[in-house]
1. Considering only segment 129-143, I want to know if a residue exists there that is closer than 30 Å to residue 258 by Cα, over 20 Å from the mean Cα position of the chain (by Cα) and not hydrophobic (A, V, I, L, M, F, W, C).
2. What about residue 208, is it surrounded by 18 or more Cβ atoms within 10 Å (Cβ to Cβ), in a helix (DSSP H, G or I) and without any contact (Cβ under 8 Å) to a residue 60 or more places away in the chain?
3. Return yes or no: is residue 61 open to solvent by less than 40 Å² (accessible area, probe 1.4 Å), among the β-branched types (Val, Ile, Thr), assigned to a helix (DSSP H, G or I) and closer than 20 Å to residue 185 by Cβ?
4. State whether the residues of segment 225-235 include one that is β-branched (Val, Ile, Thr), part of a helix (DSSP H, G or I) and in contact (Cβ under 8 Å) with a residue 40 or more places away in the chain.
5. So which of 124, 104 ends up being open to solvent by 20 Å² or more (accessible area, probe 1.4 Å) and modelled with pLDDT of 95 or more?
6. Is at least one residue of segment 144-167 assigned to a helix (DSSP H, G or I), of a type in the set (D, E, K, R) and more than 18 Å from the chain's Cα centre (by Cα)?
7. For residue 133, state whether it is surrounded by fewer than 18 Cβ atoms within 10 Å (Cβ to Cβ), of a type outside the set (Gly, Ala, Ser) and over 21 Å from residue 253 (Cα atoms).
8. Would you point out the residue of segment 242-293, among those that are open to solvent by 50 Å² or more (accessible area, probe 1.4 Å) and outside any helix (DSSP H, G or I), that is modelled with the highest pLDDT?
Amino acid sequence: MKQLYYIGISMRPKQWTKNLVVFAGLIFSQNFRNGELLLRSVEALAVFCLLSGVIYLVNDVADAEKDRLHPTKRLRPLAAGTLRRSTATVAALLLAVVALLWAYRLGSAFLVVACLFAVLNLVYSFGLKRVVLLDVASISLSFVLRAIGGVEALRAVEPSIAISPWLLICTLFLSLLLAFCKRRHELVNIEDAANHRESLQEYSPALLDQLVGISASGSVLAYSIYTIWPETVEKFGTTNLVYTVPLVLIGIMRYLYLVYKKEKGGSPSDLLLHEKFLLVDVVAWIALVIVILGV
């Protein structure tokens with residue numbers, strides 16, 4: 001029973017908030033009140049959560065030795081020795097099979113996206129995470145795949161649903177921002193950071209500061225263009241989405257404040273769950289979007 005508990009911890013459910021991006025297609029297609037499509041979005045979320053958990057298990061098996069050198073990661077079940085490698089490996093295989101069978105149930109296109117997501121993250125775990133810039137790019141692409149997957153799960157029953165390229169670009173920039181901030185936090189706050197993460201040898205605080213600035217600007221710009229893009233206005237019959245831009249802007253500025261002033265940013269998911277200002281801002285943005293779109 002304890003091994004099951006440790007498997008659950010190793011799957012890092014707190015990190016599953018990243019998968020909420022699958023709801024973008026549902027919200028921006030104005031189908032939030034459609035019970036069938038809502039259920040499919042929830043199922044898509046569950047699939048990505050399972051796949052994320054599998055990747056975390058695989059990553060912990062591969063990095064157990066390095067994690068023992070990290071101030072907090074050494075407490076993870078595999079690094080601490082409380083979860084057996086063999087148990088974690090078998091659990092990862094079984095959960096992967098369940099997730100992919102579930103993905104197939106949601107449609108062949110969604111299954112393809114889910115497989116790409118799993119392969120990309122495995123390639124990241126065993127190679128790309130050691131390559132400067134590609135480590136962060138692969139993380140960002142996994143967010144974009146989540147957004148696309150959320151749409152494909154709906155398109156299986158409602159082919160007219162699509163997601164704007166500008167929203168995908170915004171997702172890309174925002175995920176780059178979170179990833180670069182995390183790299184900066186690790187580089188600045190972890191002693192002998194290069195031993196913890198190989199790619200950190202090629203980064204510097206000055207470089208990361210510039211990359212953070214580019215990503216933050218790109219996020220706000222891409223979202224702002226999306227709200228006033230002719231196709232968006234025609235689709236929703238309103239220009240009022242532009243009034244959600246200040247919430248996006250203040251949320252990003254608050255995040256940068258926490259990263260640079262409070263030396264946070266090591267875990268974006270934890271910040272979202274525990275930082276009241278950010279949580280209120282995100283909830284307010286969701287509520288305003290729903291009101292404007294009449295979802």
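1. No - not one qualifying residue is present in segment 129-143.
2. Answer is yes for this residue.
3. It is false that residue 61 is open to solvent by less than 40 Å² (accessible area, probe 1.4 Å), among the β-branched types (Val, Ile, Thr), assigned to a helix (DSSP H, G or I) and closer than 20 Å to residue 185 by Cβ.
4. yes
5. 104
6. Checked against the condition, which is being assigned to a helix (DSSP H, G or I), of a type in the set (D, E, K, R) and more than 18 Å from the chain's Cα centre (by Cα), segment 144-167 yields at least one hit.
7. Yes: the conditions hold for residue 133.
8. Per the stated criteria, the residue is 261.
The values are calculated or read from the model by the stated rules, or taken from the named source; none is laboratory data. The structure presented is a predicted model; accordingly, all values stated were derived computationally and were not measured. Every residue, glycine among them, receives a Cβ derived from its backbone with ideal geometry; neighbour counts consider all protein chains shown. Side chains included, ligands, DNA and RNA excluded: accessible areas come from the protein's heavy atoms. Shrake-Rupley method; radii C 1.70, N 1.55, O 1.52, S 1.80 Å.
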